[in-house]
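Chemist: The structure that follows is given in the form of structure tokens.
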């Protein structure tokens, strides 16, 4: 039986993953900001076979609450087999260009808050000597694109942090997986002019994520074709890249 | 970003803009917003209604599919409480391992819970269990003016009756609680026997229906002369022993919509002949998985695409017992004569269990369903068929319909005025707009 901590448990991708674990009878510690949505998610997972599900309301932007959450999770489950960090927002790049405070707030929620949580969780996992920390970053972190570079910068910070953390925790038997979804049809992306053929349902990538966690993949693009797309985009030289509107 | 939504038959061609709802708490705001911006809207589940009953008159639908959470399950009593966007497949996936099954299932497991109520769907066991609505304990209905109401046989009874089979017009079904039935195995013990004409079908139905939970027949609607009315009668029951396994068959998919229909007279004749011949003349017994028995077409995802860009129409009517045999013979004669036909025309005797729904389709009698590739000549054929159905005192199924006239509809469903009186003014479908005016 898996013991799973999910931060951002009401997000569509997290929910889709959690349902797969629930079918296996997992135990959950669910963290999200909106207590009503959290309660509905909890009830759904219990109905779908979760053995236990504890909910914990927390705003990830409130850094001072992180340590207490991790401690309560430890008390509730003793050991964490999987910690999935899935919270985040999709800020408007244009709005962030005009408003420093907004830009920094968005960076905090997508970047710094994850670093804070990972730092606290790393200590817990170090004492366990087992388990997997799974972090949802984004393909957007692979390159600073003019349309979305504030979000991309935060996700790049998370990915780089994960890389270092992975190498550190590898030595104590803990795995860190960096999950980079492409375009996913979720409430977060609703209304965006995304290219329809590249958009997938959360359920489609959830299977890949759950499998990636089991296989201890290091960096997981979801769906897999994004690995090829991002490889090409990463190879575009600066003198061309700066002329694009990607 | 979201692709437009269509009805299953893709006729009439009316792309719908989807406004997705992910949380129950978002529903009131979204309903108000859509009503104010576009005049009216309509809840849309998983797009399994064939005609225009799932299309909003404003072409702006409230997409309910993301409301797919279970709220509470009780495996002691077999009671499931879930949001309306949950599909029947998702309910079965959880219920079967716990020894429960849907009391009533239509021919696809991809319909949503809300859609099953709004169309008061029925299945191969109508003669013993009635319609889906017979097993709905209660549901939450969001009305623009009144907010969320709980409807059950004892609370808000008028809305309970009007919403079952109410085509999504009385309010938004946000959640529902249904009763399941216990099973010992997910396999079906079935048997098939051929019949060579309609008279034999009615004899078999009278003999076998009372003995079996499930009963349905396929009929070769292209056969003429000596072969007219030939078909295959299929009965089944939940096996008394065996395993409780959820459908895990690999699904095939029609990858794209061809420019023209792949269903034509030649392919149909060949298919129908082969299907007829594949069944031995003697009654044969076999055990099959529930999904192969109930949902053979679900294995081919997007099978509606094989009808090409023009789409198709399903014609489904029910004829009262007294006139069923003569009228069905006449319908088949006219269809065979027209040379336009369908794979797997389905014939089913409905029983006399009354639905709690005001506008439920089935009545004690025989239901006939056929699919036709869309073409201009269908209109004339349907006019002839409609006259036969009306003359025999029968009616058409709104969930499948894209053609019936307002006059025929209002005569066949006199309760329409009660539904109209209880309709939420912020909801309007293309179907309703067509038949009440």
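Every number here is computed from the coordinates shown, using simple stated rules; none is lab data. Just so we're clear, the structure is a prediction, and the values are computed from it rather than from any experiment. Here the Cβ is made from the backbone with ideal geometry for all residues, glycine too, and neighbour counts use every protein chain on show.
Chemist: Using a ≥ b ≥ c from the Cα gyration tensor of region A:39-80 (square roots of the eigenvalues), is it rounded, prolate or oblate, where a/c under 1.5 gives rounded and otherwise the larger of a/b and b/c decides, a/b for prolate?
Modeler: Because a/c hits 1.5 or more and a/b fails to exceed b/c, region A:39-80 counts as oblate.
Chemist: Moving on to the next point. Distances over 38 Å make up what percent of all Cα-Cα pairs in chain B?
Modeler: Value for chain B (Cα pairs over 38 Å): 17 percent.
Chemist: Sticking with this structure for a sec: Pulled fully out, how much extra length does the chain show between residue B:249 and residue B:322, if you take 0.36 nm times their separation in residues and subtract their Cα-Cα distance?
Modeler: Going from the current span to full extension adds 22.1 nm.
Chemist: Right, here's the next one. Cut-off is 10 Å between beta-carbons; in what order do A:56, B:126 appear when sorted fewest neighbours first?
Modeler: A:56, B:126
Chemist: Further, regarding this structure: I need the fraction of alpha carbon pairs in region A:119-246 separated by more than 17 Å, rounded to a whole percent.
Modeler: That fraction is 62 percent.
Chemist: Given bins 5 angstrom wide, list per bin the percent of all Cα-Cα distances in region A:3-241, short to long.
Modeler: Per 5 Å bin, starting at zero, the Cα-Cα P(r) for region A:3-241 comes out as 1, 7, 14, 19, 21, 18, 11, 6, 2, 1, 0 percent.
Chemist: If you line up the Cα atoms of region B:26-107 on their principal axes, what length do they span on each, largest first, in Å?
Modeler: Between the extreme Cα coordinates on each principal axis of region B:26-107 lie 46, 28, 15 Å.
Chemist: Please give the helix A:66-77 orientation as an angle from the longest Cα principal axis of chain A, in degrees from 0 to 90, rounded to the nearest 10.
Modeler: The two axes meet at around 40 degrees.
Chemist: Relative to a virtual label point 7 Å from the Cα of residue A:94 in the Cα→beta-carbon direction, which members of region A:134-166 show backbone nitrogen distances below 13 Å?
Modeler: A:147-148
Chemist: Could you give me D for region B:97-215, from Stokes-Einstein at 10 °C and 1.306 mPa s, where the hydrodynamic radius is the Kirkwood radius over C-alpha pairs? Units µm² s⁻¹, please.
Modeler: Value of D from the Cα-based Kirkwood radius: 98 µm²/s.
Chemist: Which value results when the Cα radius of gyration for region B:332-385 is divided by 2.2 N^0.38 Å?
Modeler: That works out to 1.40 for region B:332-385.
Chemist: Simple spin-label model, 7 Å along Cα-to-Cβ: residue A:68 to residue A:233 in nm?
Modeler: Here the modelled spin labels are 3.9 nm apart.
Chemist: Taking chain B as the reference, fit the longest principal axis to its C-alpha atoms, fit the long axis of helix B:27-38 to the helix C-alpha atoms, and give the angle between the two in degrees, 0 to 90, nearest 10.
Modeler: 90
Chemist: Another one. For region B:234-271 and region A:171-185, what is the centre-to-centre distance using only Cα atoms, to the nearest Å?
Modeler: Each part's Cα centre sits 39 Å from the other's.
Chemist: Continuing with this model, one more query. Calculate how many DSSP beta bridges within the protein assembly as shown are antiparallel, expressed in % of all such bridges and rounded to the nearest 5.
Modeler: Bridges in the protein assembly as shown are about 60 percent antiparallel.
Chemist: A further question on this structure: Describe numerically, in nm with one decimal, the distance between label points set 7 Å from Cα along Cα→Cβ at residue B:72 and at residue B:387.
Modeler: Distance between the two pseudo-spin positions: 5.6 nm.
Chemist: If you don't mind, there's one more thing I want to ask. So what's the angle, to the nearest 10 degrees on a 0 to 90 scale, between helix B:321-338 and the longest Cα principal axis of chain B?
Modeler: 80
Chemist: Taking the DSSP beta bridges in chain B as the whole, what percent of them are antiparallel, to the nearest 5?
Modeler: 85
Chemist: I need the shape label for region B:304-437. Rule: rounded when a/c is under 1.5, else prolate if a/b > b/c, else oblate, with a, b, c from the alpha carbon gyration tensor.
Modeler: In terms of gyration-tensor shape, oblate.
Chemist: How much FRET efficiency would the formula 1/(1 + (r/R0)^6) give for residue B:297 and residue A:168, where r is the Cβ-Cβ distance and R0 is 60 Å, rounded to 0.05?
Modeler: Using R0 = 60 Å, I get an efficiency of 0.65.
Chemist: Take the Cα coordinates of the protein assembly as shown, assign each an equal point scatterer, and use the Debye formula without solvent to give log10 I(q)/I(0) at q = 0.07, 0.09, 0.10, 0.12 Å⁻¹.
Modeler: Results for the protein assembly as shown at q = 0.07, 0.09, 0.10, 0.12 Å⁻¹ read -0.53, -0.83, -0.99, -1.29.
Chemist: Related question: Debye calculation, C-alpha points only, no solvent: report log10 I(q)/I(0) for region B:71-116 at q = 0.33 Å⁻¹, in the same order as the q values.
Modeler: Log10 I(q)/I(0), no solvent term: -1.39.
Chemist: Between region A:1-72 and region B:283-297, how far is it from one alpha carbon centroid to the other, in angstrom?
Modeler: 40
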